[in-house]
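Participant: Just dropping this structure here.
Where a number appears in this text, it was derived from the coordinates with a stated rule and is not lab data. Given the structure is predicted, the values throughout are model-derived calculations rather than measurements. So basically every Cβ, Gly included, is an ideal-geometry build from the backbone, and we count neighbours across all protein chains shown.
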Amino acid sequence: MGIEKGIFRRTELLLGNDALTEIEKKRVIVFGVGGVGSWCAESLVRSGIMHITIVDSDRICITNINRQLMATTKTVGQVKVDALKERLLEINPTAEVNAMQEIYTEETAESFHIEEYDYIVDAIDSLKDKVLLILNATNTDAVLISAMGAALKLDPTKIKVAEFWKVRGCPLAAALRRKFKHSKTFPKKKFKCIFSEELIKNRGVNKSCGTEKCLCPKAAGGPGREDLLNHEWCSTKAQINGTLAHITAIYGFMISGLIIQDICEKVSE
């Protein structure tokens, strides 16, 4: 208990003991710990969240370093959730951090037991999986907060918060709405989103390492360090757009802030 009191002394000073106690009780699950989700998870743990599950199937790629919290030249090749878990436990060793190297799909959805959480963070890139998570999350009592597109942004002052159906100027939000309307299946309740209407163009050219062999460190023989630093696991994605750390981090911090604010408001009701 001593270490916790020291870590959160300034938090308690600002929010009060009752709010901090409630924050420590809440359970949060973060789907996707890339540029947005990794910063969100760190902010939550630094704010007093003691029970957090982080979900992502990927390994750290060299191109993740420009914007993802746990991505460094030393962690390239590591499982993202494992590297992030280590980081979070360095911040608060008493926190309960559950790392799941999984993808949220129709086949795996039930295994996450999202109905057991108080807050669900959607930082998923895949449109299909994002649709599924939103539909299922809004069918629970949990508070859902979703990150819309964070790529192709430069101006941090244009980042906003809005209810999903009021998000404007975001191609990802528009694609989600089309999916819901086409399937005639809609979210069961309102939820907040982080988004930006800014949309600039890529000025550079997509470059891939061209390597298709498995570079998993556990693969037979394993890769050399040079192979890891030159390989891009993300190069097989259908579409790659430029992103920057200050944008993705602000998205993540805003989601964390909304969660902490919601807890505090409920305490004062």
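Participant: How large is Rg over Rh for the range 1-74, taking Rg from the Cα atoms and Rh as the Kirkwood inverse mean of 1/r across Cα pairs? Please report the intermediate quantities before stating the final value.
Facilitator: On the way: Rg = 14.6 Å, Rh = 13.7 Å.
Reported Rg/Rh (Cα atoms, Kirkwood Rh): 1.07.
Participant: Please work out the Cα convex hull volume for the range 118-208 and give it in Å³ per residue. Provide the component values of the computation, followed by the final result.
Facilitator: Numbers: hull volume 10.5 nm³, N = 91.
Once divided by residue count, the hull of the range 118-208 is 115 Å³.
Participant: A follow-up question, please. Identify the trypsin sites (Lys or Arg not before Pro) of the range 14-122 meeting these criteria: DSSP loop state and at most 15 other C-beta atoms within 10 Å of the C-beta. The partial results should precede the final answer.
Facilitator: Values: sites: Lys25, Lys26, Arg27, Arg46, Arg59, Arg67, Lys74, Lys80, Lys85, Arg87; in loops: Lys26, Arg67, Lys74.
Counting only loop positions with at most 15 other Cβ atoms within 10 Å, the trypsin sites (Lys or Arg not before Pro) in the range 14-122 are Lys74.
Participant: Any chance you could run the full-extension gain for Arg203 through Thr21? It's 0.36 nm times the residue separation minus the Cα-Cα distance, nm to one decimal. If you can, show how the numbers build up before the last one.
Facilitator: Details: separation 182, 0.36 × 182 = 65.52 nm, distance 4.78 nm.
Residue separation times 0.36 nm, minus the Cα-Cα distance, leaves 60.7 nm.
Participant: Also, quick follow-up: Once you place label points 7 Å from the Cα toward the Cβ at Glu110 and Thr11, how far apart are they in nm?
Facilitator: 3.5
Participant: Now for a separate question. Please turn the phi angles of the range 128-142 into ³J(HN,Hα) values with the Karplus equation 6.51 cos²θ - 1.76 cosθ + 1.60 (θ = phi - 60°), one per residue in order, whole Hz, x for glycine and proline.
Facilitator: 4, 5, 5, 4, 4, 5, 4, 4, 6, 5, 6, 9, 10, 7, 5
Participant: Take every Cα pair under 8 Å in the chain that's 6+ residues apart, average their separations, divide by the length, and report that relative contact order as a whole percent. Let's see the in-between values first.
Facilitator: Values: 465 pairs, mean separation 63.6, N = 269.
The normalised contact order for the chain reaches 24 percent.
Participant: Follow-up question, since we're still on this one. Given R₀ = 25 Å, FRET efficiency for Ile3-Ile65 by Cβ-Cβ distance, to 0.05?
Facilitator: On the way: r = 30 Å, r/R0 = 1.21.
Calculated transfer efficiency: 0.25.
Participant: With a cut-off of 8 Å between alpha carbons and a minimum separation of six or more residues, what is the relative contact order of the range 53-124 in percent? Please list the in-between numbers first.
Facilitator: On the way: 74 pairs, mean separation 24.6, N = 72.
Computed value for the range 53-124: 34 percent relative contact order.
Participant: Full extension from Asn98 to Arg177: what is 0.36 nm times the residue separation minus their Cα-Cα distance, to one decimal in nm? Don't skip to the answer; put the middle values down first.
Facilitator: Values: separation 79, 0.36 × 79 = 28.44 nm, distance 3.16 nm.
25.3 nm is the gain from fully extending Asn98 to Arg177.
Participant: Right, here's the next one. Taking 8 Å as the Cα distance limit and 6 or more residues as the minimum spacing, I'd like the relative contact order of the range 40-91 as a percentage. Don't skip to the answer; put the middle values down first.
Facilitator: Numbers: 46 pairs, mean separation 18.6, N = 52.
Normalised by residue count, the contact order of the range 40-91 is 36 percent.
Participant: Hey, fewest Cβ within 10 Å first, where do Val28, Val97, Val36, Val131 land in order?
Facilitator: Details: Val28 25, Val97 22, Val36 31, Val131 18.
With the fewest neighbours first, Val28, Val97, Val36, Val131 line up as Val131, Val97, Val28, Val36.
Participant: Additional query: Please report how far the C-alpha centroid of the range 151-211 lies from that of the range 83-114, rounded to the nearest whole angstrom.
Facilitator: Computed from Cα coordinates, the inter-centre distance equals 25 Å.
Participant: Something else: For His51 and Trp165, FRET efficiency with R0 = 35 Å and r from the beta-carbon atoms, rounded to 0.05? Let's see the in-between values first.
Facilitator: Details: r = 31 Å, r/R0 = 0.88.
Approximately 0.70, to the nearest 0.05.
Participant: Turning to a different aspect of this structure: Please name which of Cys264, Asn241, Thr21 has its Cα lying farthest along the dipole of the chain towards the positive end, using unit charges on Cβ (Lys, Arg +1; Asp, Glu -1) and the Cα centre as origin.
Facilitator: Asn241
Participant: List the aspartates and glutamates whose Cα lies under 16 Å from the Cα of Lys166, skipping any in the same chain that are fewer than 8 positions away.
Facilitator: Answer for Lys166, where 16 Å is the Cα cut-off: Glu197, Glu198, listed by chain and number.
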